[in-house]
Amino acid sequence: CEEYGADTLRVYEMSMGPLEASRPWATKDVVGAHRFLQRVWRLVVDEATGVNRVANHETLDEATLRVLHRTIAGVSQDYVHLRNNTAAAKLIEYTNHLTKEGVTARAAVEPLVLMLAPLAPHLAEELWRRLGNDKSLAHGPFPVADPAYLVQDTVEYPVQVNGKVRGRVTVDADADADAVE
């Protein structure tokens, strides 16, 4: 806690595994949680200047909208069922997507900060303030997934020959059995 901060410790503990399972403590693994929180910080704050990087009026592409709403739906369910470890994993995946795609839109980053708050409340509160909000996020609404972005347009099927995957076929999600075959 002294070396990495309370939020890093919380994220590490919550991402170790299911709450009811016994888990071995590995101090060297705490750095992974710290790196994740640093990536989230860099999505909002430019490290060189300390200036807010979030674009207020930038729109999200279809792929990012789908990832965002799947993350919201998954994290919401994980929190309800006290699966903090899988919620953390989904937040890491979403953060990686935003970083890789260079997304800095408020519509993508603000929900991330809200979803991160139960795991890293101090960092989330600071980022929430830097996003221009004057009230605490503790009283703010949790993001809600739009069901329209949860529906898959296509489905990928593996093609096996003699029990070994030889390729994959992508078809429309509503395709009948004959079309898939």
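The values are calculated or read from the model by the stated rules, or taken from the named source; none is laboratory data. Computed from a prediction, not measured in an experiment: that's the story for all the values here. Note that each Cβ is placed from the backbone with ideal geometry, even for glycine, and that neighbours are counted across all protein chains shown. Note: accessible area is taken over every heavy atom of the protein model, side chains too, but ligands, DNA and RNA are not part of it. Shrake-Rupley method; radii C 1.70, N 1.55, O 1.52, S 1.80 Å.
For Asn84, the conditions (1) in contact (Cβ under 8 Å) with a residue 40 or more places away in the chain; (2) buried (at least 18 other Cβ atoms within 10 Å of the Cβ); (3) out of contact with any Asp or Glu (no Cβ under 8 Å at 6 or more places or on another chain) are fulfilled apart from (3).
For the range 1-112, the helices (runs of 4 or more DSSP H) that sit wholly inside it and include 1 or more residues that are at pLDDT 95 or above are 30-44, 62-80, 84-101. Residues that are without any contact (Cβ under 8 Å) to a residue 24 or more places away in the chain, touching a Lys or Arg at 6+ places or on another chain (Cβ under 9 Å) and not acidic (Asp, Glu) do occur in the range 90-105, at least one of them.
If you go through the range 143-181 and keep only what is assigned to a loop (DSSP other than H, G, I, E, B), touching a helix residue (DSSP H, G or I) at 6+ places or on another chain (Cβ under 6 Å) and not aliphatic (A, V, I, L, M), you end up with Pro143, Asp146. Somewhere in the range 113-122, is a residue open to solvent by 20 Å² or more (accessible area, probe 1.4 Å) and part of a loop (DSSP other than H, G, I, E, B)? Yes, that holds for at least one residue.
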